[in-house]
Amino acid sequence: MSPQNHEQVVSQAVDNRYQNAEKTKADVMTALHNYRGLSPRLDKFVFNDGTDRELLNLDGTIPVRYKGAVYNIPICIWLLDNHPLSSPMVYVKPTPDMLIKASRHVDQNGKVYLPYLHEWNLNSSDLPGLIQIMIITFSDMPPVYSKPKSALPTAGSPYPTPYPTNPPGYMPLPGGGPSPKYPPSQISGTGGFPPYLTQPGYPPTSTPYPVYPPTSSAGYPASQPGGPPITYPPYTGGMQYSPYPPTTTTTSNLTTQSTATETNTTAASTGTITEEHIRASLISAVSDRVRAKLRDSYGGAQAEVSVLRQQQADLNEGKTKVEGLISKLEQEQAELDKNVRVLREREAEIKSVLSRLSSATDPLDVDEAVTTTAPLYKQLLNAYAEDQSTQDAIYYLGEALRRDVIDLDSFLKHVRSLSRKQFQLRATMIKCRAKGNMAG
């Protein structure tokens, strides 16, 4: 299936089905571009409770290097409809001539368990990183092995076995001793690896194994029987993606490889395997195993550090919010204390006035209850009081007319007199306000 068809299938699958369609599509297309043995499909997935749902999955094979040979491991990656918020579900799908090799990473049903899946993070986890972790893990512990020899391809088959043929628990020593029970990879005339072996249920792909640099131009030594396995960088499809630090080739590694190559050449010429040959092969195999373990440990530690950093950022953000709330509460508390203090002072003043009035022997004169500080203010106060009383008098004259208490002539006469007086009072108030620079 061409990349254009891949993109069309992915677009039709994620539209109206996935919450984060654009992120899901970008993540899937990156994985398909890096690993050409996978192809997208839209199938029904049945959950443990019996419910089913149409989900997008990546079905096919991934190249895994084991003991110097590259094998095609069939897998299927199911993406939930809230991807990438939730981690994918990964299964190993053995063909009829394969059996599942259960381990701490793969159960008897083929389901894959990895720390990378358990610690899946929206911001730092993606499908290419998951596949690279699977390649590293499966290169240490292959998830499948072949059935008895009667089910294997005949000796005249032009293709190598696409998976390890060892029974569970069997781990042959690298180099030396009897030849491995699986054929090593054959270098083709073009310097690449042989194409994928077409398995039942998996369509043949147009892209062969990850294209590594030819041995004649890139300077990689050829793999020889009994020699150390050649470690090639994982296939990245031309994209700069490396969730794990690249392995730096040191002088000791180069010396080991050179010694191993020389001893293998001597062994090939003499036909005798000496202790030096076995020692060089073991050193190379142990070095590869240690580097793989270090990459796995570094990846897990890096994922844990990423989670801890995200938690630290969330805690710092929450700390800032809490400090802001505490500061605001302290300001409100200070304001409340100030208001309470003012109210208590006013309460004390009122109680003092009430005690002084209750102890007075003379009755209180209402007209003298309110005094002013200047004659101008007293004139303004008296004019305002008379104006309000005149307004009340006009109101009650209207009520008396409505109830036929007085006749219309008397009403008009008194209203005319009161209105003239009210006009003079208001003119006086205007002059007093202007004199005292008060708002009108």
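Answer yes or no: is there a residue in the range 11-19 that is under 27 Å from Ser146 (Cβ atoms), among the aromatic types (Phe, Trp, Tyr) and touching a helix residue (DSSP H, G or I) at 6+ places or on another chain (Cβ under 6 Å).
no
Restricting to the range 21-69, give me the number of residues that are over 14 Å from Gly129 (Cα atoms), of a type in the set (Val, Ile, Thr) and surrounded by fewer than 20 Cβ atoms within 10 Å (Cβ to Cβ).
Final tally of qualifying residues: 2.
Regarding the range 108-116, can at least one residue be identified that is part of a strand (DSSP E or B), within 23 Å of Asn48 (Cα to Cα) and among the aromatic types (Phe, Trp, Tyr)?
Scanning the range 108-116 turns up no residue that is part of a strand (DSSP E or B), within 23 Å of Asn48 (Cα to Cα) and among the aromatic types (Phe, Trp, Tyr).
May I ask you to list pairs of residues, at least six apart or on different chains, whose Cβ atoms are under 6 Å apart, with the first in the range 278-292 being within 11 Å of Lys67 (Cα to Cα) and the second being of a type in the set (Asp, Glu) and open to solvent by less than 60 Å² (accessible area, probe 1.4 Å)?
If the second residue must be of a type in the set (Asp, Glu) and open to solvent by less than 60 Å² (accessible area, probe 1.4 Å), no pairs are left.
Run down Val28, Val90 and say which single residue is under 30 Å from Asp288 (Cβ atoms) and either touching a Gly at 6+ places or on another chain (Cβ under 8 Å) or modelled with pLDDT of 90 or more (or both).
The match here is Val90.
Exactly one condition in (1) touching a helix residue (DSSP H, G or I) at 6+ places or on another chain (Cβ under 8 Å); (2) within 21 Å of Glu7 (Cβ to Cβ) is not met by Ser87; state its number.
(2)
Do we have any residue at all in the range 328-349 that's among the polar types (S, T, N, Q) and closer than 30 Å to Cys432 by Cα?
Within the range 328-349, not a single residue is among the polar types (S, T, N, Q) and closer than 30 Å to Cys432 by Cα.
Cβ-Cβ below 9 Å, separation at least six or inter-chain, first residue in the range 427-440 and farther than 11 Å from Tyr384 by Cβ, second open to solvent by 70 Å² or more (accessible area, probe 1.4 Å) and of a type in the set (Phe, Trp, Tyr): which pairs?
As it stands, the answer is Gly436/Tyr377, since those pairs meet every condition given.
For Leu412, indicate whether it is in contact with an Asp or Glu (Cβ under 6 Å, 6 or more places away or on another chain), surrounded by 12 or more Cβ atoms within 10 Å (Cβ to Cβ) and either in a helix (DSSP H, G or I) or free of Cβ contacts under 8 Å to residues at least 40 places away in the same chain (or both).
no
Yes or no: the range 32-45 includes at least one residue that is within 16 Å of Thr137 (Cα to Cα) and either of a type in the set (S, T, N, Q) or modelled with pLDDT of 90 or more (or both).
No: zero hits.
Residue-wise test of (1) surrounded by fewer than 10 Cβ atoms within 10 Å (Cβ to Cβ); (2) modelled with pLDDT under 95; (3) more than 60 Å from the chain's Cα centre (by Cα); (4) assigned to a helix (DSSP H, G or I).
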| site | (1), (2), (3), (4) |
| --- | --- |
| Ser352 | no, yes, yes, yes |
| Ser358 | yes, yes, yes, yes |
| Val366 | yes, yes, yes, no |
| Thr371 | yes, yes, yes, no |
| Leu376 | no, yes, yes, yes |
| Leu380 | no, yes, yes, yes |
| Tyr384 | no, yes, yes, yes |
| Ala400 | no, yes, yes, yes |
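State all residues of the range 70-107 that are basic (Lys, Arg) and crowded, with 20+ Cβ neighbours inside 10 Å; if no residue qualifies, say none.
Correct list: Lys101 only.
Checking the structure you have, find out if any residue of the range 318-335 is open to solvent by 70 Å² or more (accessible area, probe 1.4 Å) and under 30 Å from Leu381 (Cα atoms).
Within the range 318-335 (the criterion being open to solvent by 70 Å² or more (accessible area, probe 1.4 Å) and under 30 Å from Leu381 (Cα atoms)), the answer is no, since none of the residues qualifies.
Working carefully through the options Arg309, Arg295, find the one that is part of a helix (DSSP H, G or I), in contact with a Phe, Trp or Tyr (Cβ under 6 Å, 6 or more places away or on another chain) and closer than 30 Å to Ile136 by Cα.
Arg295
Sort through Asp81, Asp140 and tell me the only one that's more than 21 Å from Ser297 (Cβ to Cβ) and among the acidic types (Asp, Glu).
Asp81
The values are calculated or read from the model by the stated rules, or taken from the named source; none is laboratory data. On a predicted model such as this, the values are computed, not experimentally measured, just so you know. Cβ coordinates were reconstructed from backbone atoms using ideal geometry, including for glycine residues, and neighbour counts include every protein chain displayed. The area values use the complete protein model at the heavy-atom level, side chains included, leaving out ligands, DNA and RNA. Shrake-Rupley method; radii C 1.70, N 1.55, O 1.52, S 1.80 Å.
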